[in-house]
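The values are calculated or read from the model by the stated rules, or taken from the named source; none is laboratory data. Remember, predicted model here, so these are calculated numbers, not experimental data. Reconstructed Cβ throughout: ideal geometry from the backbone, glycine too, with neighbour counts over all protein chains shown.
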Amino acid sequence: MNDIPVIAIDGPSGSGKGTIAQKIANQLGFVLLDSGALYRILGIAAHKANIDLVLHEQVSNLARGLDIEFGKNGPGSAALDGQDVSKEIRTNLGSDLASKVSTIPQVRESLYYRQLEFKKAPGLVADGRDMGTVVFPDAKLKIFLTASVSIRARRRYNQLIDKGIDVSLPDILRDLKERDRRDIERSVSPLKPAKDAVIIDCTDLAIEEVVDQVLRLYYCENS
């Protein structure tokens, strides 16, 4: 397992981690872990089950028994109990619920071991908020991707509109600011760059520019 390369991509919500990670995984033929989707799915599952998020033990028990499948209905898709929830988890509700359940220590412990199972040959690209600091601290390459909150809000808005999801830009901006605060201030696995992470500010960069930069860094590490 130790010789399986891992590229960890962390950063705040809306920074483009998912898109960048997907493209890099495709180019390298690596397994993809969208850790944020795990928390989004758990949040939606708790919501569907009418579980109050203050009941930490119940939410944690739910996390351990989730039936989750990625890619069943195409690249980037996610299924819960056999049902496609790809659009549902990308709504503002899905984002908000994910941010809330991710602050629960028991939940993070339950999902920690599930994330480790994604480390398979020929390699893994893992995106999230604590991939390089907690889940894969020995990752071959650690990236911390960031951008201004206004740009992140605009990108998230365009992404959701393109998927046919009706959203409000001011609402997304407000939610992102609140989520940033929760992610940074939470007591367990707070959002921060790993000490050996390469920080990339993509405020003024196109997606392909970021992908090329990350791939160059990876190849340099393996040259």
Q: For segment 133-143, indicate whether the set of residues that are at pLDDT 90 or above, assigned to a helix (DSSP H, G or I) and not β-branched (V, I, T) is non-empty.
A: no
Q: Could you check L169 against (1) under 20 Å from the mean Cα position of the chain (by Cα); (2) over 20 Å from Q22 (Cβ atoms); (3) not charged (D, E, K, R) and say which number it fails?
A: (1)
Q.
Take V211 and tell me if it is modelled with pLDDT of 85 or more, surrounded by 15 or more Cβ atoms within 10 Å (Cβ to Cβ) and part of a helix (DSSP H, G or I).
A. yes
Q. Only one of L93, L38, L53 is crowded, with 23+ Cβ neighbours inside 10 Å and either modelled with pLDDT under 90 or touching a helix residue (DSSP H, G or I) at 6+ places or on another chain (Cβ under 7 Å) (or both); which?
A. L38
(Q) Looking only at segment 172-205, count every residue that is over 24 Å from N92 (Cα atoms) and assigned to a loop (DSSP other than H, G, I, E, B) and tell me the total. (A) 7
Q. Would you call L111 closer than 18 Å to L176 by Cα, modelled with pLDDT of 90 or more and under 15 Å from the mean Cα position of the chain (by Cα)?
A. no
**Q.** Identity of the residue in segment 172-193, over 16 Å from the mean Cα position of the chain (by Cα) and surrounded by 16 or more Cβ atoms within 10 Å (Cβ to Cβ), that ends up farthest from T19 (Cα to Cα)
**A.** R186
Q: Could you tell me which residue of segment 56-80 is surrounded by the most Cβ atoms within 10 Å (Cβ to Cβ), considering only residues that are out of contact with any helix residue (DSSP H, G or I) (no Cβ under 8 Å at 6 or more places or on another chain) and not polar (S, T, N, Q)?
A: A79
Q | Enumeration of residues in segment 1-59 that are closer than 16 Å to I89 by Cα and β-branched (V, I, T) | A | T19, I41, I44
Q: Could you figure out which of (1) of a type outside the set (D, E); (2) free of Cβ contacts under 8 Å to residues at least 24 places away in the same chain; (3) part of a loop (DSSP other than H, G, I, E, B) isn't true of R154?
A: (3)
Q: Could you please tell me which pairs satisfy a Cβ distance under 6 Å, a separation of 6+ or placement on different chains, a first residue in segment 195-223 that is farther than 17 Å from A25 by Cβ, and a second residue that is among the aliphatic types (A, V, I, L, M) and in a loop (DSSP other than H, G, I, E, B)?
A: C202/A147; T203/A147
Q) In segment 1-35, which residues are surrounded by 19 or more Cβ atoms within 10 Å (Cβ to Cβ) and at positive phi? A) G11, G14, G16
Q: Provide a single number: the residues in segment 94-137 that are under 15 Å from L62 (Cβ atoms) and of a type in the set (K, R).
A: 3
Q. Restricting the first residue to segment 81-105 and requiring it to be over 18 Å from I165 (Cα atoms), which pairs with a second residue that is not in a helix (DSSP H, G or I) meet a Cβ separation below 6 Å and a spacing of at least six or different chains?
A. D81/D67; K100/L53; T103/R186; P105/V188
Q | Conditions (1) touching a residue at least 40 places away in the same chain (Cβ under 8 Å); (2) surrounded by fewer than 17 Cβ atoms within 10 Å (Cβ to Cβ); (3) assigned to a loop (DSSP other than H, G, I, E, B): number failed by K119 | A | (2)
